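Beneath this line is the structure, given in C-alpha cells, with notes to follow.
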Amino acid sequence: TPRIGVLALQGAFEAHASRLRSLGAETVLVRTPEQLAGLDGLIIPGGESTTFLKHLERGGFFDALKTFARDTPTFGTCAGAILLATGVRNPEQRSLAAMDITVERNAYGRQNESHILETETSIPGGPLEMVYIRAPRIAETGPEVTTLAERNGSPTLVRQGHLLAATFHPELSEDPRVHQLFLDIVRSTK
Ligand code: GLN
C-alpha cells in the first residue's frame with residue numbers, strides 16, 4: 001500500500017486525502033517536516049501559496065520539502081503547482097523550484113474567480129472535468145515537461161518525471177483519474 005502525505009498546513013487537503021484513500025492509498029496529513037520521512041509521495045493542495053510560504057518558513061519545512069520533491073513523487077494542485085514551479089510571476093515569489101515551469105498567479109481575472117471546464121486530455125477515458133479557482137496559468141514549460149492537458153493553448157496538467165502539477169482542483173470532481181495517474185507515478189518510481 002503506498003503511503004501518501006497531503007500537506008495539511010492550509011487549504012483543500014481533506015478532499016485529496018479521501019480521494020487517495022478511496023483509491024487504496026494510506027494517507028498522512030503532513031503538518032511538520034518530520035512527517036515527510038517514509039512517505040512514498042506527497043500532494044501539495046490548493047489554497048493560498050503566500051500563506052503556505054509563511055507556514056513553511058518555520059522549522060526548516062521549506063528546505064525539507066525542497067529536498068523531498070527532488071526525488072520523491074510530488075503532485076501540486078493550484079497553489080501547490082505555484083509552489084513547485086521554478087518561476088512565479090504576478091507577483092514574483094519564492095518557490096521550491098522543483099519543476100521547470102513558470103506560472104502566472106491569478107491569471108484568469110477576478111470576474112472569473114471560479115469555473116468548470118471539460119476537455120479532452122491525454123489521459124484515456126474521455127473528457128476530463130476541471131475545476132478552476134483563482135487559478136494560475138502555466139506560461140512556460142522546460143524541455144523535460146510533458147503537457148497532459150491544456151486550456152486555450154496553456155498547459156493545465158503537466159508532468160516532469162516524478163512530479164505532477166495541475167492548475168485546477170481534481171479533488172473537487174468525482175473523476176478519480178488524475179489521482180490515479182499520480183498513484184501510478186508513485187508505483188512506477190518505487
Ligand atoms: N490564487 C491562489 C494563489 O495564488 C491559488 C488558488 C488555489 O489554489 N485555488 O496562491
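No value in this document is a laboratory result; all are computed from the given coordinates. Please read these numbers as outputs of a predicted model, since none were measured by experiment. With ideal geometry, Cβ positions are generated from the backbone for all residues, glycine too; neighbour counts draw on all protein chains shown.
The packing ranking, built from the mean of other Cβ atoms within 10 Å per residue, places the peptides 99-105, 74-80, 60-66 in the order 74-80, 99-105, 60-66, highest first. Residues whose amide H falls under 5 Å from that of G5, counting only those 5 or more places apart or on a different chain, are V28, D40, G41, L42, I43, with hydrogens built in the peptide plane.
In this Cβ point-charge picture (+1 for Lys and Arg, -1 for Asp and Glu), the stretch 146-190 has a dipole of about 220 debye about its Cα centre.
Taking packing as the residue-averaged number of other Cβ atoms within 10 angstrom, the listed peptides 38-46, 82-90 run from highest to lowest as 38-46, 82-90. Helices assigned as whole DSSP H runs in the chain whose Cα atoms extend at least 24 Å along their own long axis and whose mean Kyte-Doolittle hydropathy is 1.0 or higher are not found. Report ³J(HN,Hα) in whole Hz for each residue of the stretch 114-130, in order, from the Karplus equation J = 6.51 cos²θ - 1.76 cosθ + 1.60 where θ = phi - 60°; Gly and Pro get x. So the J values, rounded to whole Hz, are 8, 6, 10, 10, 10, 9, 5, 9, 8, 7, x, x, x, x, 10, 7, 10. The 3J(HN,Hα) values that the Karplus relation (6.51, -1.76, 1.60; θ = phi - 60°) gives for the stretch 156-162 are, in residue order, 10, 9, 9, 10, 9, x, 7 Hz. Gly and Pro appear as x.
The per residue volume of the convex hull around the alpha-carbon atoms of the stretch 8-102 is 87 Å³.
Using the Cα centre as the reference, give the magnitude of the dipole from point charges on the C-beta atoms of the chain (Lys, Arg: +1; Asp, Glu: -1; all else neutral), rounded to the nearest 20 debye. Numbers along the way, then the final one.
Numbers: 19 positive and 22 negative charges, 75 e Å.
Using only the charged Cβ atoms, the result is roughly 360 debye.
What is the Cα centroid distance between the stretch 132-190 and the stretch 48-81, reported in whole angstrom? Measuring centre to centre over Cα atoms gives 17 Å. Percent of Cα pairs in the stretch 55-180 per distance bin of 10 Å, from zero to the largest separation: 13, 46, 33, 8, 0. Spin-label model, Q10/L117: points 7 Å from Cα along the beta carbon direction are separated by 2.6 nm. Contact order, relative form, for the stretch 3-189: 18 percent (alpha carbon pairs under 8 Å, 6 or more residues apart, mean separation divided by residue count). Estimated from helices alone, the mean residue ellipticity of the chain at 222 nm is -7500 deg cm²/dmol (sum of -39500 (n - 2.57) over DSSP H runs with n ≥ 4, per residue).
What the phi angles of the stretch 72-89 give under the Karplus curve with 6.51, -1.76 and 1.60, with θ = phi - 60°, is a coupling list of 10, x, 9, 10, x, 10, 6, 4, x, 5, 5, 5, 6, 4, 7, x, 10, 10 Hz, glycine and proline written as x. Along the charge dipole of the stretch 1-156, which of G59, H115, L128 sits closest to the positive end, that is, farthest toward it, with unit charges on the beta carbon of Lys, Arg, Asp and Glu (+1, +1, -1, -1)? Positive-most Cα among the choices belongs to G59.
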